[in-house]
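Here the structure comes first, spelled out in structure tokens, and everything after it is commentary.
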Amino acid sequence: MDLILQQTINAISLGGVYAMLALGLAIVFSIVGLINFAHGDIMTFGGYGIFLSLAFGFPPVAALTIGIGAAVVMALALERTAFRAMRGADVVILLITSFAVSEILKVLFQNGISARPVPISLPASWSGTYQIGGATIGVVPTVSILVAFGSLAGLTWVLRRTATGMAMRAAAQDLEMLRLLGVRANRVVAVAFALSGLLAGIAAVIWTAQRGSVDPMMGFFPVLKAFIATVLGGLGSLGGAVLAGFVIGALEVMTQAFLPDSLSPYRDAIVLGLVIAALLWRPDGLLPAANANRS
Amino acid sequence: MTLRKLFLSTTAASLALTAAAASAEEYVIGVMSAQSGYLAPYDGPAYAGFQFCIDEKNANGGLNGTLPVRTIVKDTRSDIAEGVKVVQEMLDEGAQFIVSSADADPTIAAAQITMADGIPTMTFAGTAPVLTQVGEHVFGSYPADNQQGAVLAQYARDQGFERVYLVKSPDSAYTLGGPEYFGAAFEALGGTIVGTSNYSLNQPDFSAIVTTIKAADPQPDVIVTWAWEPDFPAFIKALRGAGVTTQVMGGDVLDTPTVRGLGEVVSGVVHTSGGFPEEGSAYADFIARFTAAKGFAPDNNYYASGCDIANMIEQAVAAAGSTDPRAVAAAMAGIENGTAIMSNFTFKGTDRMPLRDVVVARITADGQKEFVLRAQADPATMPKP
């Protein structure tokens, strides 16, 4: 029982990170049709922001805040310099653009900072544990879960209760109509990128707190999983991205925990096989968007 | 008349230059060096150390004071297909020796290309003993994983550890082989393997493995992994974050400033290493020379390992008495107690993974590396590749 409780917490913790990254991808995709593979590099940039802040002597909380801010700034910079010029282009061209931006950023990280991982040492007191029944639960996974749910709740509030959020949801439905109604589309798109950068920055904080280092490839693998989540959830569906993020996280942790040793090398294949089966069952995703893009 | 004179003089000058070029013998070494990707952290320092010592030798006349070295260096981007391509290019440009990337897989791929001409091929720091199985022209330079595993297992048993949990990845020969060699030697010495977990390289999350370790019955008294960065930092953070304080041991890949910089979570972690710069040693002297020349101190063993490869090549060429590739390879394979910086090396009687000292070191609370012991693997307990 304790084992299942602990693995459940692990699954929610990992799923929360995937959900935030998937939501960041989905927000941008729903408005401008861009599957932003540079999203992982925005997360990595946030991680380097934390590393450099600590290296320059900032206290840990300030460093984490700077890391989140760095991710937001990077997301806005990419929107302005790379993606705005491609607005309205075919989805494949946008995809290739995002790959190009991602590669450029990776090379800059490798040559400008380091090709090897750099350590991020946060206070040991942040890595404590507490007991629930017979289970020993880590502080970092717990904080990760709280931060992930807090972020998702905050974003939901922004999208549903603020004028900007409503404009973003409207843009997801029909960007041209939004323009005709006099809303500044560039501003809405920029806010969407800023929000996706914010989520990538928060994911970077959780990721580096759990993993202890940042390297040029740090964001690539979680964003790959997050992309799978956006497809599984239904391309363009914000709720679907969050749900599928948690599903992917749970599948990864549970297959790691309970697959027999002889089958463990096939873990990723099994998880992806289950995703394919789910998409065959629901081709538009688990929670399709209103203007669904078939996955 | 003038034209004829010009033609004759030009022809004569060309012939003279050609003859001079042919007589100015040089030894051409091709170097695969990943400037990006997962091998860059190892190839980069190893190449820096290698080139530094080649430059030193060239300043003194070349190998053995008589044979200048020309290096051809090409980036592989940590991509095996790109590695194969650049090795072929370097052979086309006259390479007589290939120094390959610091892992078994790219070295095996390179060795397939160099096999036809018997060009000696030596890995920067690949330690999986299977890499030399390609052919008699392939050499390791670092103490092999089975040597490291045997020495570390002996140390663990000497400390009274009886039950080990192995964390390994089938995605690379290094991350799979290291823990398995340790386990085999540990069992041969009377220890028990109480559990095993597999992970994928660049696995996002280790919490599930940590929870499985916590639930193991009986509990291990030592956990062993050959995980490298960024997997090891993620693993140790998850392990200590879950309140598991069991002793952790690992391979030489933990001997990096990144791992030592992780803070309290790595305090007490024990790992193997290829060398240790004890005061007054050749290794310490190398660090002093390198620092004086380059303006920064080498912060890991790969610099010294790169320099040692230059030393190995020099001794093989001297023993061969020629630069013929097959003669150099045969001479290398016959070296016994050759001189190097990290430790002396012996290829004679081995399958071309050198028999060398293995150092066991411990990471201290203040992020430093502490010498524990230096030993050679006991052939009686060293697992076979």
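The values are calculated or read from the model by the stated rules, or taken from the named source; none is laboratory data. As the structure is a computational prediction, the values presented were derived from the model and not from experiment. Here Cβ is always computed from backbone atoms with ideal geometry, including for glycine, and neighbour counts include all displayed protein chains. Side chains included, ligands, DNA and RNA excluded: accessible areas come from the protein's heavy atoms. Shrake-Rupley method; radii C 1.70, N 1.55, O 1.52, S 1.80 Å.
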Note: B:235-245 gets an average of partner chain Cβ contacts (10 Å, Cβ to Cβ) equal to 6
Accessible area per residue, Å², the stretch B:101-197 with all protein chains present, probe 1.4 Å | 27
Take the protein assembly as shown, drop everything but the C-alpha atoms, weight them equally and run the Debye formula without solvent; then report log10 I(q)/I(0) at 0.09 Å⁻¹ to two decimals.
-> -0.81
Given a cut-off of under 8 Å on Cα pairs at least six residues apart, what relative contact order in percent is computed for chain B?
-> 17
Chain pair B, A: how much accessible area is buried, both chains summed, with a 1.4 Å probe, in Å² to 100?
-> 3000
Please sort B:324-333, B:304-313 by packing, taking for each peptide the average over its residues of neighbouring beta carbons within 10 angstrom, highest first.
-> B:304-313, B:324-333
On the protein heavy atoms, probe 1.4 angstrom, tell me the percent of accessible surface of the stretch B:58-201 carried by carbon and sulfur.
-> 45
Can you give the extra length, in nm with one decimal, that the chain gains between B:Ala375 and B:Glu187 once fully stretched, where that is 0.36 nm per residue apart less the Cα-Cα distance?
-> 65.7 nm
Tell me the chymotrypsin sites (Phe, Trp or Tyr not before Pro) within the stretch B:341-377 that lie in a loop according to DSSP and have at most 11 other beta-carbon atoms within 10 Å.
-> none
Taking GluC sites (Glu not before Pro) that fall in a DSSP loop and have at most 14 other Cβ atoms within 10 Å as cut points, what is the longest piece of chain B between them?
-> B:94-277
Size of electric dipole in the stretch A:1-116: Cβ of Lys, Arg +1 and of Asp, Glu -1, about Cα centre, debye, nearest 20 | 240
Size of charge dipole - the stretch B:18-174 - debye, nearest 20, with Cβ of Lys, Arg +1 and Asp, Glu -1, no other charges = 320
Shielding by other protein chains, A:111-124, mean Cβ within 10 Å = 6
Past 19 Å, Cα to Cα, is the threshold; run B:Lys57/B:Lys348; B:Lys168/B:Lys214; B:Lys168/B:Lys237 against it and keep the listed order.
-> B:Lys57/B:Lys348
With springs only between Cα atoms under 10 Å apart, run a GNM on chain B and tell me which of B:Thr114, B:Thr196, B:Thr272 wobbles the most.
-> B:Thr196
Calculate how large, on average over all directions, the projected area of the Cα convex hull of the stretch A:140-194 is; give the answer in nm² to one decimal.
-> 4.1
Using +1 at the Cβ of each Lys and Arg and -1 at the Cβ of each Asp and Glu in chain A, identify which of A:Ser151, A:Trp126, A:Gly182 lies farthest towards the dipole's positive end.
-> A:Gly182
Under the rule rounded for a/c under 1.5, else prolate if a/b exceeds b/c, else oblate, using alpha carbon gyration tensor axes a ≥ b ≥ c, chain B is classed as prolate
Share of carbon and sulfur in the accessible heavy-atom surface of the stretch A:1-69 [1.4 Å probe, %] | 81
Per the charge dipole of chain A (beta-carbon charges, Lys/Arg positive, Asp/Glu negative, Cα centre), the residue among A:Ile104, A:Gly273, A:Pro141 reaching farthest to the positive end is A:Ile104
Angle between chain B longest axis and helix B:104-114 axis [Cα atoms, degrees, rounded to 10] | 20
Using all C-alpha to C-alpha distances in the stretch A:165-283, build P(r) with 10 Å bins and read off the rounded percent in each one.
-> 11, 32, 32, 18, 6, 1, 0
HN-Hα J couplings of the stretch A:252-259 from phi, Karplus 6.51/-1.76/1.60, θ = phi - 60°, integer Hz, Gly and Pro as x?
-> 4, 5, 5, 5, 4, 7, 10, 5
Partner chain Cβ atoms within 10 Å, averaged over the residues of A:209-222 - can you pull that number for me?
-> 6
Report, as a whole number in µm² per second, the diffusion coefficient that Stokes-Einstein gives for the stretch B:109-178 at 10 °C and 1.306 mPa s using the Kirkwood radius over alpha carbon pairs.
-> 115
Per residue, in Å², the accessible surface of the stretch A:168-295 once ligands and nucleic acids are set aside, probe 1.4 Å | 42
Show which aspartates and glutamates lie in cross-link reach of B:Lys369 when reach means a straight Cα distance below 13 angstrom and same-chain residues fewer than eight apart are skipped.
-> B:Asp252, B:Asp255, B:Glu278, B:Asp299
Residues of the stretch B:180-199 buried by at least 40 Å² on assembly (accessible area, 1.4 Å probe, chain alone as reference) | B:Asn198
Candidates B:Gly241, B:Gly49, B:Gly126, ranked by Gaussian network fluctuation over chain B, Cα under 10 Å, top entry | B:Gly241
³J(HN,Hα), Karplus 6.51/-1.76/1.60, whole Hz, each residue of the stretch B:156-168, x for Gly, Pro | 4, 5, 4, 7, x, 6, 10, 10, 10, 10, 9, 10, 9
Net +/- balance of residues flanking A:Leu178 in space, Cβ distance below 11 Å, scoring K and R +1, D and E -1 | +2
Taking only Cα atoms and a 10 Å spring cutoff, compute GNM fluctuations for chain A and point out the largest among A:Asp261, A:Asp90, A:Asp215.
-> A:Asp261
Tell me, which longest segment in chain A has none of the trypsin sites (Lys or Arg not before Pro) that fall in DSSP loops with at most 16 further Cβ atoms within 10 Å?
-> A:185-293
Taking Rh as the Kirkwood radius, which is the inverse of the mean 1/r over Cα pairs, what is the Rg/Rh value for the stretch B:209-257?
-> 0.96
Here the relative contact order (percent) of the stretch A:115-238, from C-alpha pairs under 8 Å and at least 6 apart, is 34
For the stretch A:60-122, fraction of C-alpha pairs farther apart than 13 Å, in % = 73
The stretch B:255-340: spread of alpha-carbon positions along the three principal axes, whole Å, largest first, is 52, 28, 22
